[in-house]
């Protein structure tokens, strides 16, 4: 009986010791603010603003490390069409890291007084840094659905812009219902009139070939008609 009582007391002692150690460690972590987020690091955002990403995640300094779910945080990011992939991890007890992969913008769509970055699928990026992408002026109303442009003409334009390896050479594109598409390159102030022809790979090859010929010969044109046989309109 005495031996059994002794073993019980020893068990109680060790349980109390373990609880005491856990309590001490917990108080130590709390005292050193190791159970709250003090820093959120964002990686992979070449165009999206860090503030926009943090807003989407809901993470902020001062939040408890057990007060959020990584599954929820990641789904908030990947539910945005302009974020292709995301992951999160806690690299230190008080520091968390967010990594993302973006759908890169191919243009800045200007509609009235509003401007939005747009990717090759027609998704709008509301808040982003200014990349070296062309401005796209649209002279007619556009339909938006869940942050994506629902206009076949504009969608075809950004689709082929996304395939260009020299996108930085395109300065501006204007889409007008009556006259069609107009293109300006950064190397020259010439209005290249494309009309309602689809701006596909073949058309862009013709445009860049004209650019090379004009710059090499040091010619100056106000307007070029891409449909003329020699592609030269009038000065």
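What the table shows:
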{"quantity": "Projected label distance in nm at residue 163 and residue 67, using a 7 Å step from Cα toward the beta-carbon", "calculated": "5.0 nm"}
{"quantity": "Contact order relative to length of the stretch 61-165, as percent, for alpha carbon pairs under 8 angstrom and 6 or more apart", "calculated": "19 percent"}
{"quantity": "Rel. contact order, % - alpha carbon contacts under 8 angstrom, at least six apart, the stretch 105-225", "calculated": "20 percent"}
{"quantity": "Full-extension gain in nm, residue 223 to residue 156, via 0.36 nm per residue minus C-alpha separation", "calculated": "21.8 nm"}
{"quantity": "Equivalent ellipsoid semi-axes - Cα gyration tensor, the stretch 91-235, angstrom", "calculated": "32, 18, 12"}
{"quantity": "Cβ-based exposure ranking for 67, 119, in which fewest neighbours within 10 Å come first", "calculated": "67, 119"}
{"quantity": "Footprinting exposure proxy for 182, 227 (fewest neighbouring C-beta atoms within 10 Å first)", "calculated": "227, 182"}
{"quantity": "Cβ-based exposure ranking for 156, 174, in which fewest neighbours within 10 Å come first", "calculated": "156, 174"}
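No value in this document is a laboratory result; all are computed from the given coordinates. The shown structure was predicted, so the numbers you read here are calculated from the model rather than taken from an experiment. We place every Cβ from the backbone using ideal geometry, glycine too, and count neighbours over all the protein chains shown.
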